[in-house]
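Notes for the one structure printed next.
The values are calculated or read from the model by the stated rules, or taken from the named source; none is laboratory data. In this text the structure is predicted, and so the values were computed from the model without any measurement. Quick reminder, even Gly has a Cβ in these numbers, built from the backbone with ideal geometry, and neighbours come from all protein chains shown.
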């Protein structure tokens, strides 16, 4: 049974991209894709999945998330044998009359060339010298002693 890692790998193979190039194409760090591919992150974040779908809108989210339905990948993948189809698989119809509450939110990608500069200023404020006015020591028998420094200091 294939998991989301295998489906991400299929997309990378279709696009003929390395993990780093694929990460760049969807706007995430290469480590994110590496962690998905090596199984460290079994379930990618929603943001990663939405960026992937935004960059490759032909990929079905249902297929990407659950492995169900049509992958939406181009037919050249099937021709290359990258998608294995079970001849005895049952195609369950999805009721399209069911209304679902969905809201699609697009991502605005910032240009990668834009650099923002932050001016950082450190202000040192002198504080007056603090002096010890009292020390209390509490004992396990619920008593305590108070010590006050003498004026000789």
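Report whether or not residue 107 is at pLDDT 50 or above and surrounded by 10 or more Cβ atoms within 10 Å (Cβ to Cβ).
yes
Among the candidates 100, 145, which residue alone is modelled with pLDDT under 80 and either within 30 Å of residue 6 (Cα to Cα) or not in a helix (DSSP H, G or I) (or both)?
Result of the check over 100, 145: 100.
Just checking, how many residues over the range 1-38 are part of a loop (DSSP other than H, G, I, E, B) and within 17 Å of residue 64 (Cβ to Cβ)?
6
Table: residues versus (1) surrounded by 14 or more Cβ atoms within 10 Å (Cβ to Cβ); (2) at pLDDT 55 or above; (3) within 27 Å of the chain's Cα centre (by Cα); (4) assigned to a loop (DSSP other than H, G, I, E, B).
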{"site": "49", "(1), (2), (3), (4)": "yes, yes, yes, no"}
{"site": "87", "(1), (2), (3), (4)": "no, no, no, yes"}
{"site": "90", "(1), (2), (3), (4)": "no, no, no, yes"}
{"site": "120", "(1), (2), (3), (4)": "no, yes, no, yes"}
{"site": "126", "(1), (2), (3), (4)": "no, yes, no, yes"}
